[in-house]
Amino acid sequence: MIIVSDNSALSCLAELGELDLLQQLYGIITITATVHQEARHPRAPDALRRFFDHPPAWLEIVPDVQPFLDETHALDPGEASAITLAWQHRDSSLLIMDEKRSRKVSQALGLSITGAAGLLCDAARVGLIDFEDTFRRLAQTRFHLSPAIVETLRQRHQSRSSPPVQ
């Protein structure tokens, strides 16, 4: 399986200091050259730019697949490149992406997707992070989730981590 990430999840995890969750949950993470350029942009979070000063071995940076899929023409280049790469491996890929329009395109293409919040919920479920602490810290970053979405995620987390009734 190939795990492809867009810049949004990387930025979110960098701001939380939790980029290692990617490796802990999925092993090797693949990003495109365009996503790599976005992550190094001066407007990217400082923590993300520092991370890319010495990227770890579990992060694979690959050339963009050209041309990008026609369905991605209205998206930003990083999103288009990530979707196109995931499409190339559609039978065995997971795409980590948060932007709403990009997720709609990905879903229409039948790609398996998750986002930063889903990734954080998975990490909490397996005990890598504390749900409440992480989502409290997330609220202090540039990454925005509505309180209603956080509450839905909290309820799902609590129902999955509750011991079975005997």
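The values are calculated or read from the model by the stated rules, or taken from the named source; none is laboratory data. Quantities reported herein were computed from a predicted structural model and do not represent experimental measurements. When we count neighbours, we look across all protein chains shown, and the Cβ atoms used for this are built from the backbone with ideal geometry, even at glycine.
Condition check ((1) touching a helix residue (DSSP H, G or I) at 6+ places or on another chain (Cβ under 6 Å); (2) within 24 Å of LEU21 (Cα to Cα)) across all residues:
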| position | (1), (2) |
| --- | --- |
| GLU38 | yes, yes |
| ARG50 | no, yes |
| HIS73 | no, no |
| LYS100 | no, yes |
| ARG103 | no, yes |
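Output the residues belonging to the stretch 130-150 that are loosely packed, with under 11 Cβ neighbours inside 10 Å, of a type in the set (Gly, Ala, Ser) and not in a helix (DSSP H, G or I).
SER146
Restricting to the stretch 89-112, what's the tally of residues that are of a type in the set (A, V, I, L, M, F, W, C), touching a residue at least 40 places away in the same chain (Cβ under 8 Å) and loosely packed, with under 15 Cβ neighbours inside 10 Å? Spell out the reasoning first.
Here is the first cut: in the stretch 89-112, the ones of a type in the set (A, V, I, L, M, F, W, C) are 94-97, 105, 108-109, 111.
Subsequent filtering for residues that are touching a residue at least 40 places away in the same chain (Cβ under 8 Å) retains 94-97, 109.
Going one step further and asking which of them are loosely packed, with under 15 Cβ neighbours inside 10 Å, we end up with none.
Summing the residues that are of a type in the set (A, V, I, L, M, F, W, C), touching a residue at least 40 places away in the same chain (Cβ under 8 Å) and loosely packed, with under 15 Cβ neighbours inside 10 Å in the stretch 89-112 gives 0.
What's the number of the condition ASP98 fails, among (1) in contact with a Gly (Cβ under 6 Å, 6 or more places away or on another chain); (2) modelled with pLDDT of 95 or more; (3) part of a loop (DSSP other than H, G, I, E, B)?
Answer for ASP98: the failing condition is (2).
Return yes when ALA86 is surrounded by fewer than 16 Cβ atoms within 10 Å (Cβ to Cβ), in a helix (DSSP H, G or I), of a type in the set (A, V, I, L, M, F, W, C) and on the phi < 0 side of the Ramachandran plot and no when it is not.
No: the conditions fail for ALA86.
Which of the residues that make up the stretch 51-63 are surrounded by 18 or more Cβ atoms within 10 Å (Cβ to Cβ) and in contact with a strand residue (DSSP E or B) (Cβ under 6 Å, 6 or more places away or on another chain)?
LEU59
Only one residue in LEU75, LEU111, LEU10 is touching a strand residue (DSSP E or B) at 6+ places or on another chain (Cβ under 8 Å), of a type outside the set (Gly, Ala, Ser) and in a loop (DSSP other than H, G, I, E, B), so which one is that? Break it down into steps so the answer makes sense when it comes.
Working: LEU75 fails: touching a strand residue (DSSP E or B) at 6+ places or on another chain (Cβ under 8 Å); LEU10 fails: in a loop (DSSP other than H, G, I, E, B).
Sole residue among the options that is touching a strand residue (DSSP E or B) at 6+ places or on another chain (Cβ under 8 Å), of a type outside the set (Gly, Ala, Ser) and in a loop (DSSP other than H, G, I, E, B): LEU111.
Among (1) touching a His at 6+ places or on another chain (Cβ under 7 Å); (2) under 15 Å from GLN107 (Cα atoms), where does LEU95 come up short?
Here LEU95 clears every test but (1).
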